[in-house]
Ligand code: FES
Ligand code: FES
């Protein structure tokens with residue numbers, strides 16, 4: 001960045017909330033999209049470019065790959081929730097038909113411990129899937145079986161067996177942020193004392209204990225890879241959310257694979273939802289089996305493995321308390337939570353303190369180790385569970401204070417975008433008219449209710465992405481980046497952003513993704529793929545346009561400052577006519593050599609309008625008080641995600657998140673056998689996912705916010721909309737039946753129990 | 001019950017070898033899916049040899065997407081594994097392998113079935129249609145077109161199965177309402193959450209908008 005670059009004024013904001021700010025534009029960068037810009041491609045409704053491959057069956061996913069000489073890998077898994085592998089006898093398996101290689105995990109991963117049922121122990125590669133399956137069954141493992149704890153309660157009980165190792169505690173202390181143990185102790189005590197004081201002073205106090213279940217990602221394409229060694233180099237087809245992290249892992253000198261170079265290919269990925277980062281053990285096993293077998297190895301998990309060994313959203317138990325003044329303004333909050341992370345220490349915290357303005361907070365999160373499959377990031381990790389509890393408690397507070405729940409939220413929220421969204425959403429759902437004024441009352445078994453909840457996310461993206469654009473002399477344009485599309489429509493928006501700069505249509509552009517031979521793109525986590533990559537695409541396309549315009553300006557002695565591309569030809573920016581029509585193709589013919597290439601990196605973020613994106617959701621439900629069945633009839637979502645690059649695919653993301661949220665609120669639940677540590681519903685009929693019959697009518701309003709954070713002003717939208725859904729539904733259920741279900745999933749049984757207890761309490 | 005479970009169950013009750021002695025292999029295959037070991041002399045566990053009958057590759061003739069095909073497969077092969085494997089039609093997916101998700105849906109004589117739970121041998125002489133056979137000449141079918149324009153797919157992994165169920169539905173009921181569409185695809189799971197887009201796509205195709 002040059003030191004004396006001048007600041008420029010840009011307009012940021014949305015609808016009638018626009019303002020001017022001055023920013024110092026990065027060298028090389030283009031001004032962020034402005035509300036006054038006119039667009040031909042960006043922000044339009046465009047069909048996904050890969051839709052045709054997907055509706056014809058032509059799209060080849062990792063699971064569909066077949067290479068010459070390819071063999072199949074299968075993993076033998078522990079039947080014990082906690083054990084030590086003493087030895088593995090593979091004498092019989094080795095001699096079985098078709099078997100090409102066998103590996104023992106303790107040799108590869110340097111640990112003999114298995115800490116949950118389903119953790120891998122050994123793997124086999126054989127000519128057919130059936131032969132591999134037969135061979136793993138013939139492996140004889142000698143285990144030292146160890147005591148275990150499957151639930152939080154068991155793991156926290158006095159004298160509970162150590163879940164992970166004898167020298168690690170089952171309950172992981174909250175993050176100390178650099179404080180010593182003593183300082184941390186004092187800090188927590190101070191925090192408690194301070195909030196106790198505040199609670200003593202407020203007018204209203206509400207509290208509640210909430211719990212949420214373990215949710216399993218269950219992408220339809222399971223985790224897995226096809227590994228193919230070419231000399232010392234490794235080619236990996238992977239079903240992944242991070243092509244480059246897989247490449248890094250395969251080539252790391254500290255990892256077990258140690259390829260000289262690796263190329264990771266993910267042309268199509270059958271869903272991810274947060275669980276598919278890195279090669280994981282199955283990927284590493286496949287690479288090593290392939291080396292041993294000297295054959296390409298196809299290793300994809302089956303459904304049971306996907307449910308038990310490929311991550312999940314942790315459960316939570318949350319003790320919440322709010323103190324409010326007489327006007328319903330929150331003064332203080334206490335939120336203590338416990339969540340199971342599996343045997344590891346990954347974050348099982350319930351996030352619930354970021355949306356509303358709360359002056360004093362006593363927040364403590366405990367992760368509790370259990371002998372169950374490991375938690376991994378799942379679509380807005382920590383937030384849906386936190387929001388379910390806090391949004392429920394906010395409605396309880398509104399009752400206590402005696403004001404409308406939406407009004408209560410508005411009094412405690414200062415985000416300019418969300419403040420507008422509350423009103424828009426309330427209007428769309430008919431909040432005033434349709435809210436149940438007599439919860440649980442009235443005639444008939446079916447009760448209707450409305451509920452509201454909000455979300456916040458941080459999807460402004462950041463550096464680390466690059467884009468390569470190549471234009472042939474014949475006018476063919478290719479746009480390349482090595483990232484992956486897990487179902488969001490990445491190819492399509494890349495083409496839209498590039499097309500806009502080059503004055504072309506998206507069908508004039510070929511996009512390539514999912515290949516680490518192309519420029520780097522970060523993993524698809526935190527909803528950052530779009531805001532991280534699109535600015536790079538735009539700079540590259542912009543510079544390409546400038547180079548091409550230079551060719552024509554020099555040739556025809558035109559003033560390049562006045563030129564731009566529009567609708568396939570060179571035009572003047574001021575709309576005046578040029579003496580001569582020059583098409584994009586004609587300009588490309590001026591390219592010296594065969595091809596013009598530009599490779600550009602994404603630059604740092606600007607201050608912009610808002611670093612977070614926000615949304616509000618409303619649920620309209622019907623509850624059958626005789627059967628306890630909850631039906632979500634309608635969901636309304638107002639969502640901000642910066643400048644929306646493709647309205648069609650962005651709206652699909654919101655709809656999909658809402659359906660997953662409905663599923664989380666009402667159905668999904670990992671059921672563990674506490675005695676044996678087995679997951680009892682590791683399939684798709686007993687692990688219930690919302691189907692078409694449970695899909696509500698969904699109405700989405702996408703707010704177009706010129707946030708000015710980057711040159712495309714775009715943000716990510718995959719995660720934020722799932723945060724609010726369960727909370728909105730829980731509030732709607734309470735509004736319908738006049739009593740609250742404090743835990744999700746809100747099953748018929750829980751509804752009936754709540755109704756029964758309601759009678760008692762009164 | 002998944003294979004892993006099955007294995008424990010079998011070793012607890014009857015051993016698999018004992019079970020195979022008493023029952024025909026084909027019967028065992030129906031229960032346990034397509035990954036059972038192919039014909040072998042089962043001498044792995046101890047020295048005794050067991051002769052397993054009926055596991056030789058058998059000729060199967062069927063029509064797939066209008067083409068007459070004659071191929072060979074062992075009797076335990078599912079229709080899904082046959083079309084994905086030797087026939088290399090990988091549009092149909094294996095997601096649960098036990099009839100609960102619909103990702104493997106194909107049409108057998110016009111009826112949607114889960115090809116993961118249907119033996120290839122039972123398709124003998126039948127007319128099979130897979131997602132690869134939906135195009136009309138080199139044009140997308142109206143339903144495929146409306147799936148594209150209504151964005152009725154995200155990751156696309158459930159899409160082939162969805163298209164087959166919707167094709168069958170429209171055949172039976174050319175103008176279904178939202179609820180009828182939902183029922184028609186109630187056996188197909190989509191983890192990305194495309195149901196509402198699918199309702200719109202089917203409606204569009206039914207009302208002539210998918211052309
Ligand atoms: S794979 Fe056949 S129904 Fe799921
Ligand atoms: S589109 Fe991904 S599962 Fe349906």
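Working note: 222 nm ellipticity from helices only, DSSP H runs with n ≥ 4, each -39,500 (n - 2.57), summed and divided by the residues of the protein assembly as shown, gives -9000 deg cm²/dmol to the nearest 500.
Paramagnetic label reach from residue A:253 (point 7 Å along Cα→Cβ; backbone nitrogen cut-off under 19 Å): within region A:215-246, residues A:232-234. Using the Cβ-Cβ distance between residue B:183 and residue A:555 with R0 set to 51 Å, the FRET efficiency works out to roughly 0.20. For the peptides A:176-182, A:436-442, A:367-373, A:259-265, the ranking by mean Cβ contacts within 10 Å, running from highest to lowest, is A:367-373, A:259-265, A:436-442, A:176-182.
For residue A:15 and residue A:189, a Förster radius of 51 Å and the Cβ-Cβ distance give a FRET efficiency of 0.60, rounded to the nearest 0.05. Length available on full extension from residue A:142 to residue A:575: 0.36 nm per residue minus the Cα-Cα distance, which gives 147.9 nm. With R₀ fixed at 30 Å, the C-beta to C-beta distance from residue A:165 to residue A:94 puts the FRET efficiency at about 0.40. Any idea what log10 I(q)/I(0) is at q = 0.13 Å⁻¹ for region A:253-322, Debye with uniform C-alpha scatterers and no solvent? After summing over all Cα pairs, the log10 values are -0.53. Hydrodynamic radius of region A:608-762 by the Kirkwood approach over all distinct alpha-carbon pairs: 17.1 Å. Every Cα-Cα pair in region A:689-730 was counted, and those over 12 Å apart are 76% of them.
Distance between the pseudo-spin-label points of residue A:437 and residue A:567 (7 Å out from Cα toward the beta carbon): 5.6 nm. Per-residue shielding of A:290-303, expressed as the average number of other chain Cβ atoms within 10 Å of the residue Cβ, stands at 1.
Remark: relative contact order (chain A) = 17 percent; criterion is Cα-Cα distance under 8 angstrom and separation of 6 or more residues. With 10 Å bins beginning at zero, the pair-distance distribution over Cα atoms of region B:142-206 amounts to 26, 64, 10 %.
Treating each Cα of region A:97-220 as an identical point scatterer and summing with the Debye formula, the log10 of I(q)/I(0) at q = 0.09, 0.15, 0.21 Å⁻¹ comes to -0.54, -1.03, -1.26. Under 17 Å from a point 7 Å along the Cα-to-Cβ line of residue A:599: which residues of region A:494-535 have their amide N that close? Hits in region A:494-535 for residue A:599 at 17 Å: A:512-522. Reported to the nearest whole Å, the Cα centre-to-centre distance from region A:403-422 to region A:640-654 is 23. Principal axis extents of the C-alpha atoms in the protein assembly as shown (largest first, rounded to whole Å): 87, 81, 62.
Spacing of the modelled spin labels on residue A:201 and residue A:156, each 7 Å from Cα toward Cβ, amounts to 3.0 nm. Sort out for me the Cα centre separation of region A:542-613 from region A:190-212, rounded to whole Å. Measuring centre to centre over Cα atoms gives 59 Å.
Note on residue A:86 and residue A:673: the model spin-label points, each 7 Å out from Cα along the C-beta direction, lie 2.3 nm apart.
Pairwise Cα distances in region B:60-131 exceed 15 Å for 44 percent of all pairs.
Taking other Cβ within 10 Å of each residue's Cβ, how do A:574, A:50, A:404 sort, fewest first? Mind dumping the intermediate values first?
Working: A:574 7, A:50 22, A:404 16.
Ordered from fewest to most neighbouring Cβ atoms within 10 Å, A:574, A:50, A:404 come out as A:574, A:404, A:50.
Any read-out appearing in this document is the output of simple, stated calculations on the displayed coordinates, not a laboratory observation. As the structure is a computational prediction, the values presented were derived from the model and not from experiment. Glycine gets a Cβ as well: all are built from the backbone with ideal geometry, and neighbour counts include every protein chain shown.
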